[in-house]
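Structure, as structure tokens:
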């Protein structure tokens, strides 16, 4: 018993030290008032990684510091923030700014975040302007109308590119004569035919379809595609009935069982990468960057680094086109279904912030027209020029944007974009020019010659043109179920974590099983999540969804 107690004491001590080292309000070089050389340093914790972080030393970030008197000392978590946020709450020590992703509920329950309502009213005219009619969506709940989180989702975004789908190398469709890729069977046939003709690529064995199941990323590449390919849009682990708002774990949909049966078939056919469920994220990216993986099913943001790498290596034909393949031709891929403005996930100021006014003013600057221009266009004379009153990016600079994998880090353009609200693509500023550089023309100009050739052969100009468009779907009045925060220690969160733990174990098992055992294993999986409390969680999630519909529509 003594040994066990000693181990527990050491664990708690280590946890406490980790929190202090990761979340202390100021670095050792700071003065007592949190300033150094007249600059206020704000510590920040983000539940997301930031591969392009510039240490606030890029030209744009230095200018932001000059304009605001603020610099950021961040910590980025590679594991989604859940454990770190729990340690923060346990210690009662918080950084100045927190980007908690889905962990905001835990922080609010712990009293870790301050109500920003008065700070916005007194010090943040640009935040009030940018949220506009959506400001009421920032209220925490029907019972607590405080504003704890400033959502960072782009406002009034027009989407010019798909973000989900099946990814297929351009080399594959070119060699096969540009076959239709409308169904998963089409996708499968393309992979099989090309792999048979090209058993090796650059001296390495050709891989058909590679998935990623590294911790929470299993949802992005392995399980979320089950609802995308069967006509539903993203509500996290749930499917929401659009008429009744009833939530059920999406794995229970019969059509999704058929999606996983297809993956089981792909494995049985030898078309699934055997390392799919053991590889780490960096290994996955390295494998894609090698050019020997023919197909992926993923979100653009997750494999974007590999796309940039392939482009930089001159392997444009090994880059991926995104196709709206579904289980059958009668199913519409809902990539472009609108969830309206997604309040919920964003950034908050903690109760330990020594200067919350400086913090809110910093965020307000980022939301201003000047701040938005810096984050989207860069610095005049360095990253763009003014021509006849309009911002113009030179061909050389645009080439750098499109082909330099470290462009964001080196210039600072976009480095701070995820820490404050931003105007979406297509929204115009006071000069009549769009806040972002994105436009259909810019998107088309950014394509490689290989992409343009592929799209021309499919009779379209943009990848978006291959997909069902937004107007073909109703706007979801609840936004997205995953975006509704719940306290980390609540019964709902605990059940959902139990279910997710089962999913992480059982879904790879059913995919890798003998096809003769598939039905039995899948049915056992569904029974297991029900035993873990899935039905209770579904009832609680349904109530939260109904509450949000009421809150947002009152």
- prompt: in a loop (DSSP other than H, G, I, E, B), farther than 30 Å from residue 119 by Cβ, in contact (Cβ under 8 Å) with a residue 60 or more places away in the chain and assigned by TED's automatic domain parsing to the domain that holds residue 480: does that describe residue 297?
  reply: no
query: Could you count how many residues in region 148-179 are closer than 24 Å to residue 288 by Cβ and in contact with a strand residue (DSSP E or B) (Cβ under 9 Å, 6 or more places away or on another chain)?
result: 13
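Residue 127: buried (at least 22 other Cβ atoms within 10 Å of the Cβ), touching a helix residue (DSSP H, G or I) at 6+ places or on another chain (Cβ under 9 Å) and part of a helix (DSSP H, G or I), yes or no? Break it down stepwise before answering.
Values: buried (at least 22 other Cβ atoms within 10 Å of the Cβ): yes; touching a helix residue (DSSP H, G or I) at 6+ places or on another chain (Cβ under 9 Å): yes; part of a helix (DSSP H, G or I): yes.
The answer is yes for residue 127.
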- request: Looking only at region 317-332, decide whether some residue is part of a helix (DSSP H, G or I), over 17 Å from the mean Cα position of the chain (by Cα) and at pLDDT 95 or above.
  value: yes
Number of the condition not met by residue 277 [criteria: (1) in a helix (DSSP H, G or I); (2) more than 19 Å from residue 199 (Cβ to Cβ)]: (1)
statement: Across region 237-287, the tally of residues that are in contact (Cβ under 8 Å) with a residue 24 or more places away in the chain and over 24 Å from residue 518 (Cα atoms) stands at 10
query: Does residue 190 meet the test of being part of a helix (DSSP H, G or I) and in contact (Cβ under 8 Å) with a residue 12 or more places away in the chain?
result: yes
task: Being farther than 11 Å from residue 309 by Cα and touching a helix residue (DSSP H, G or I) at 6+ places or on another chain (Cβ under 7 Å) is the filter; apply it to region 280-295 and report the residue that is surrounded by the most Cβ atoms within 10 Å (Cβ to Cβ).
output: 295
- line: The residue that is farthest from residue 538 (Cα to Cα), considering only those in region 488-499 that are surrounded by 18 or more Cβ atoms within 10 Å (Cβ to Cβ) and in contact (Cβ under 8 Å) with a residue 60 or more places away in the chain, is 488
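Search region 333-345 for residues being modelled with pLDDT of 95 or more and surrounded by fewer than 22 Cβ atoms within 10 Å (Cβ to Cβ), and hand back the single one that is nearest to residue 477 (Cα to Cα).
Among those residues, the one meeting the criterion is 337.
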message: Could you check region 82-101 and list, in sequence order, the residues that are closer than 14 Å to residue 148 by Cβ and outside any helix (DSSP H, G or I)?
response: 94, 97, 98, 99, 100
- prompt: Which helices (runs of 4 or more DSSP H) does region 344-448 wholly contain that include 2 or more residues that are in contact with a strand residue (DSSP E or B) (Cβ under 9 Å, 6 or more places away or on another chain)?
  reply: 356-367, 369-376
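Which strands (runs of 3 or more DSSP E) sit wholly inside region 200-266 and have at least 3 residues that are more than 26 Å from residue 83 (Cα to Cα) and assigned by TED's automatic domain parsing to the domain that holds residue 482? Spell out how you get there, then give the answer.
Details: elements: 207-210, 238-240, 247-249.
Correct list: 207-210.
Applying the selection to region 159-184, what residues are without any contact (Cβ under 8 Å) to a residue 40 or more places away in the chain and under 31 Å from the mean Cα position of the chain (by Cα)? Break it down stepwise before answering.
The initial filter retains those residues of region 159-184 that are without any contact (Cβ under 8 Å) to a residue 40 or more places away in the chain, namely 175-177, 179-180.
Listed by number, the residues that qualify are 179, 180.
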query: In region 523-535, what residues are within 28 Å of the chain's Cα centre (by Cα) and either in contact (Cβ under 8 Å) with a residue 12 or more places away in the chain or at positive phi (or both)?
result: 525, 526, 529, 532, 533, 534
task: Starting from region 116-141, keep only residues that are under 12 Å from residue 421 (Cα atoms), then list their pairs with residues that are modelled with pLDDT of 95 or more and loosely packed, with under 15 Cβ neighbours inside 10 Å whose Cβ atoms are within a distance under 7 Å, requiring at least 6 positions of separation or different chains.
output: 135/128
message: Pairs needed: first member in region 379-403, touching a residue at least 12 places away in the same chain (Cβ under 8 Å); second member anywhere, loosely packed, with under 13 Cβ neighbours inside 10 Å and assigned to a loop (DSSP other than H, G, I, E, B); C-beta distance under 8 Å; at least 6 residues apart or different chains.
response: 384/394; 389/431; 390/431
- request: Check residue 157 against each of (1) within 30 Å of residue 496 (Cβ to Cβ); (2) in the same structural domain as residue 502 (by TED's automatic domain parsing); (3) outside any helix (DSSP H, G or I) and name the one condition it does not meet.
  value: (2)
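Has region 52-64 got at least one residue that is more than 27 Å from the chain's Cα centre (by Cα) and modelled with pLDDT of 95 or more? Before the answer, list the steps.
First pass over region 52-64, keeping only residues more than 27 Å from the chain's Cα centre (by Cα): 63.
Okay, now just the ones that are also modelled with pLDDT of 95 or more, so 63.
Yes, the conditions are met somewhere in region 52-64.
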task: Return yes when residue 446 is within 25 Å of the chain's Cα centre (by Cα) and exposed (fewer than 15 other Cβ atoms within 10 Å of the Cβ) and no when it is not.
output: no
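Of 254, 274, 324, which residue is buried (at least 20 other Cβ atoms within 10 Å of the Cβ) and more than 23 Å from residue 100 (Cα to Cα)? Write out each step before concluding.
Numbers: 254 fails: buried (at least 20 other Cβ atoms within 10 Å of the Cβ); 274 fails: buried (at least 20 other Cβ atoms within 10 Å of the Cβ).
The conditions single out 324.
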message: So for region 197-208 (the condition being over 30 Å from residue 472 (Cβ atoms) and crowded, with 22+ Cβ neighbours inside 10 Å), does at least one residue qualify?
response: yes
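The values are calculated or read from the model by the stated rules, or taken from the named source; none is laboratory data. Note that the structure is a prediction, hence the values are computed from the model and not measured. Quick reminder, even Gly has a Cβ in these numbers, built from the backbone with ideal geometry, and neighbours come from all protein chains shown.
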